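Accompanying notes for the structure given below.
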Amino acid sequence: MILRRLQYELAARAVGPFLTALDDWQRRAKGTKARTGPFSPPLESLRKLKDMMTVHYLSGRYADGAVPVAWVTSGFPVELLRPLGFHTVYPENHAAMCGVQRIVPELSDAVEAEGYSRDLCSYVRSDLGSLDTGRSPAGRLPRPDLLACCTNICQTVLYWYRDLARRFQVPLLLVDTPFVYGEPTDHQIRYVADQLEEGIEMAEKVAGRKLDRAALSEAARLGRDGSQLWGECLETARNRPAPWTGVDGFFHLGPIVAMRGTEECNAYYRMLKDELQDRVKRGIGGLRGEEKHRLLWDNLPVWYATREITTLLGNGGFNFVCTTYTNAWAEASSLIDPADPIVSAARTYSMVMLNRDLPNKLRLLSRMTGEFGADGAVLHSDRSCKPYSIGQVDLKDRLASEYGVKTLLLEADHNDPRAWASELSSNRLTAFMESFG
Amino acid sequence: MVRENYIRRQREEHGRRAVAVLPIHYPKELLTALDLLSVEVWGPPGAPRSDAAGRIQPYVCSVVRNALAFLASGGADVVDAALFPHTCDSIQQLATLAHDFGGWKKPALTFLHPKGEPRPSSRRFVAAELRGLASRLEEVAGRRLDPDRLAAAIQLHREIDLHRAALLDGRAGLDMDDAELYGLLRRGEWLWPEEHRAELVAARSRLDPARRRPGAPVLVTGYVPEPIATLEILNAAGAFVAADDYAAVGRRIARQPDGPIGDPWEALADRLAAVPPCPTRATDQDARMRHLVSLLDRSGARGVVIHVVKFCEPELFDVPAIRRTFAARGVPLLYLEGELERQLSGQAVTRIEAFAEMLGQGGTT
Ligand code: SF4
Ligand code: SF4
């Protein structure tokens, strides 16, 4: 245990930072390569981002046995686990890494052979396939002591985490957030708050210590501030030209997903915000050329084809300036009250976009297109993600007819490239661009 | 059409209003106590009734796509409200899509039953949710909920459960084929409960414990017995359903000990908790596997048919565990996935026939 803890601390504080510094040095020695294609040179913060995420995953390799480890869904109120010293791992984040590396078909094949249907969410298939095959872009994920699942993004995560709980034989901390039609009822919020209190008891048992309520308030404050900072980074794209592209946003999400509620996360977003604001001042856009049209992206990224999609659009002067996906984490903890971290978390985490009705989503889409000056929207119809995708046909029509936004429904799957028809999609995107005249 | 006429007659003859109910779990007793006829919408099967199905992507289950098409085509206009239980992500989204963006103009009610293992928080929540639903149903019914009528409705549905369980358990001694039995059991989805009870009582009188049904007994687990030809072909090929775990049928039968009702709200919560494990409630998967094994053992089933709807995540997530469970016991298994089509494909027919024949010859996988 002591040795393991030492390895963990060393990886987090010494080896990880050393390796990333070495990597930086080597990259500098070779000279920074400008991004090819229609994009401006990468943000300086990207280096820091890579370093942080590398250290996070590297230290994670030594976390089990050293500190309590929780695998957590992206919408879980993770602030609860911070004061208990959990190292948190985000299987969705890890699955997205598998998607970027295009190893999902192989991982999925492994679980399909066990009877898991290809119609299940590709994040689940990626993650379970990674466990089955041992293949992971992160090298190795630490074994969980606790699985923390919140259904505010979908019910799928509950089935997924139940499966993980069986595999690892560890407790499942469930926060069931009933869907919100209109406004939440008092008993819905009470239910979620009660579950958070029940969950604390479970997490305390696993961590072997009592929750310090003052530390919880502090983690809640950090989480809220982190979400607000992330929101401010996103808002810089309201400027013309937007200082980055929506795709940059997908990748800079890492800390707010995986490290929410920590000072390190917030420090990173302060740095990123400064850099983006500086770009705004200097008139540097995410695209090298003229930003002719500004677009909104709805739904998860198509992780294995983001570059393909944005390059095609970028070459035509189209930039994604906002996405409902990255916005979700700006909403995540923004309403948390550190003085009442439980009830305010119950309300905030119940009110995330995916847990709310379609009029709310339409309001969000219209607000975002208005505030970001987007004249077009691409709605990714994601075969894997029903909660995000049902309703998009109507949303697309309403955005066009009621708000005058040009829209495209693009069929894909966020992680499984077997559902991606590259040529057909290119043709549809090209026709979409041509419709702007 | 049969249902539509029935709903109209119920209104004319008994002054009863009706509520269309989407799958799966809901406190039917509340509706009965308020003199509301529940008419369940499991799809309906067949081709979608209108173009509205195109408002939902083809990778979403046909239950939800067909339901939107049905509601939007006016298929349920004869009822007074629709109830959307918290069954899955797709039904949740359907509730807002149809109600907020068109397809359903009458009141849309929801019943958000909790997910996962029972906990003190979930018990409190379900109690509050039941009361909330009751007051919304009162508005639809145009009358107040009378506690005595609620107790009577709970009693009535307990009896119905008892009869349904007896018919399913004793089916080997019943002179009915599977299509006839399921036709009877599924009429409970829309008949007024007292009429359904009368039919069940009459069917029970046909039970003959001495009778042994010929053929290979199988356990069926899945969503809904559609198309019914699935079971007709199974029967024709020499097998029959000896144990049932369909979400629409067996998984909604509570086998509670008979006793005083006490506090009716507690009784309603108890009943919801007492039905067999169901993935749409995300109950414990091991408990579900134990339940399936006990169904197999009690019924003497020699094989298992998994009969699910394509794209149905709750059901699909349990399929690997079901496969593992029965593979470990050497029990043959047939996997069928459909889209509520009216007719089975030739390939599905061949697979069902081959499976039944294999069981008939005492084969294993
Ligand atoms: S992609 Fe969609 S279905 Fe899959 S885990 Fe995320 S929210 Fe759930
Ligand atoms: S078939 Fe499955 S996915 Fe479709 S409505 Fe029923 S439970 Fe939901």
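Quick rundown of the values:
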| quantity | calculated |
| --- | --- |
| Count of the stretch A:177-207 residues which are more than 10 Å from chain B (Cβ to nearest Cβ) and of a type in the set (Val, Ile, Thr) | 3 |
| A:ARG118 being within 16 Å of ligand 2 (Cβ to nearest atom), surrounded by fewer than 22 Cβ atoms within 10 Å (Cβ to Cβ), within 12 Å of chain B (Cβ to nearest Cβ) and not aromatic (Phe, Trp, Tyr) | yes |
| Subset of the stretch B:276-295 [more than 15 Å from ligand 2 (Cβ to nearest atom), in contact (Cβ under 8 Å) with a residue 40 or more places away in the chain and farther than 15 Å from A:ARG166 by Cα] | B:HIS291, B:LEU292, B:LEU295 |
| Residue, nearest to the other protein chains (Cβ to nearest Cβ), within the stretch B:125-141, restricted to residues that are closer than 21 Å to B:CYS278 by Cβ and without any contact (Cβ under 8 Å) to a residue 60 or more places away in the chain | B:PHE125 |
| Test for A:LEU335: is it of a type outside the set (Ser, Thr, Tyr), within 30 Å of B:CYS312 (Cβ to Cβ) and either within 12 Å of chain B (Cβ to nearest Cβ) or surrounded by fewer than 19 Cβ atoms within 10 Å (Cβ to Cβ) (or both) | no |
| Selection within the stretch A:409-426 - of a type outside the set (Asp, Glu) and open to solvent by 10 Å² or more (accessible area, probe 1.4 Å) | A:LEU409, A:PRO417, A:ARG418, A:ALA419, A:TRP420, A:ALA421, A:SER422, A:LEU424, A:SER426 |
| Residue match in the stretch B:349-362 (condition: farther than 21 Å from A:GLN155 by Cα, more than 16 Å from ligand 1 (Cβ to nearest atom), buried (at least 16 other Cβ atoms within 10 Å of the Cβ) and within 14 Å of another protein chain (Cβ to nearest Cβ)) | no |
| Residue list for the stretch B:87-109, restricted to those being more than 14 Å from ligand 2 (Cβ to nearest atom) and either open to solvent by 10 Å² or more (accessible area, probe 1.4 Å) or farther than 19 Å from B:PRO48 by Cα (or both) | B:THR96, B:HIS99, B:ASP100, B:PHE101, B:GLY102, B:GLY103, B:LYS105, B:LYS106, B:PRO107, B:ALA108, B:LEU109 |
| Residues located in the stretch B:297-320, provided they are facing chain A (nearest Cβ under 8 Å) and more than 16 Å from ligand 2 (Cβ to nearest atom) | B:PRO320 |
| Selected residue [away from ligand 1 (no atom under 16 Å from the Cβ), surrounded by fewer than 17 Cβ atoms within 10 Å (Cβ to Cβ) and under 13 Å from A:TYR116 (Cα atoms)] from B:ARG324, B:ARG298, B:ARG329, B:ARG342 | B:ARG324 |
| Some residue of the stretch B:65-78 being within 14 Å of chain A (Cβ to nearest Cβ), touching a Ser or Thr at 6+ places or on another chain (Cβ under 9 Å), away from ligand 2 (no atom under 16 Å from the Cβ) and of a type in the set (Gly, Ala, Ser) | yes |
| Residues of the stretch B:200-242 that turn out to be among the small types (Gly, Ala, Ser) and part of a helix (DSSP H, G or I), as a count | 4 |
| Helices (runs of 4 or more DSSP H) wholly inside the stretch B:1-86 containing at least 2 residues that are surrounded by fewer than 18 Cβ atoms within 10 Å (Cβ to Cβ) | B:2-14 |
| Complete set of residues in the stretch A:361-402 that are within 16 Å of ligand 1 (Cβ to nearest atom), in a helix (DSSP H, G or I), more than 8 Å from chain B (Cβ to nearest Cβ) and among the charged types (D, E, K, R) | A:LYS361 |
| Test: residue in the stretch A:343-361 that is open to solvent by less than 10 Å² (accessible area, probe 1.4 Å) and over 26 Å from A:GLY226 (Cβ atoms) | yes |
| Residue that is surrounded by the fewest Cβ atoms within 10 Å (Cβ to Cβ), among those in the stretch A:295-314 that are assigned to a helix (DSSP H, G or I) and of a type in the set (A, V, I, L, M, F, W, C) | A:LEU312 |
| Number of positions in the stretch A:369-400 that are surrounded by fewer than 24 Cβ atoms within 10 Å (Cβ to Cβ), acidic (Asp, Glu) and touching a helix residue (DSSP H, G or I) at 6+ places or on another chain (Cβ under 7 Å) | 2 |
| The stretch B:96-119, subset outside any loop (DSSP other than H, G, I, E, B) and within 7 Å of another protein chain (Cβ to nearest Cβ), residue nearest to the chain's Cα centre (by Cα) | B:THR110 |
| All positions within the stretch B:25-47 that are within 14 Å of ligand 2 (Cβ to nearest atom) and out of contact with any His (no Cβ under 9 Å at 6 or more places or on another chain) | B:GLU40, B:VAL41, B:TRP42, B:GLY43, B:PRO44, B:PRO45 |
| Some residue of the stretch B:37-50 being within 16 Å of ligand 1 (Cβ to nearest atom) and of a type outside the set (S, T, N, Q) | no |
| Among the residues listed as A:LEU174, A:LEU141, the single one being at pLDDT 95 or above and either at the interface with chain B (Cβ under 10 Å from one of its Cβ atoms) or not in a strand (DSSP E or B) (or both) | A:LEU174 |
| Any hit, the stretch A:128-136, residues being in contact (Cβ under 8 Å) with a residue 24 or more places away in the chain and within 10 Å of another protein chain (Cβ to nearest Cβ) | yes |
| Output for the stretch B:301-321, where each listed residue is under 21 Å from B:ARG213 (Cα atoms) and either within 16 Å of ligand 1 (Cβ to nearest atom) or open to solvent by less than 10 Å² (accessible area, probe 1.4 Å) (or both) | B:GLY303, B:VAL304, B:VAL305 |
| Filtered residues of the stretch B:212-225 (kept if surrounded by 13 or more Cβ atoms within 10 Å (Cβ to Cβ) and either modelled with pLDDT under 90 or not assigned by TED's automatic domain parsing to the domain that holds B:GLY338 (or both)) | B:ARG213 |
| Flag if B:LEU268 is assigned to a helix (DSSP H, G or I), more than 16 Å from ligand 2 (Cβ to nearest atom) and touching a Gly at 6+ places or on another chain (Cβ under 9 Å) | no |
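Okay, residues lined up against (1) in contact with a Phe, Trp or Tyr (Cβ under 8 Å, 6 or more places away or on another chain); (2) away from ligand 2 (no atom under 16 Å from the Cβ):
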| position | (1), (2) |
| --- | --- |
| A:GLY316 | no, yes |
| A:VAL321 | yes, yes |
| A:PRO338 | no, yes |
| A:SER350 | no, yes |
| A:ARG383 | yes, no |
| A:TYR388 | no, no |
| A:GLY391 | yes, no |
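The values are calculated or read from the model by the stated rules, or taken from the named source; none is laboratory data. Every value quoted in this text rests on a predicted model; they were computed, and no experiment measured them. Positions of Cβ are backbone-derived with ideal geometry, glycine not excepted, and every protein chain shown enters the neighbour counts. The accessibility values were calculated without ligands, DNA or RNA, using every heavy atom of the protein model including side chains. Shrake-Rupley method; radii C 1.70, N 1.55, O 1.52, S 1.80 Å.
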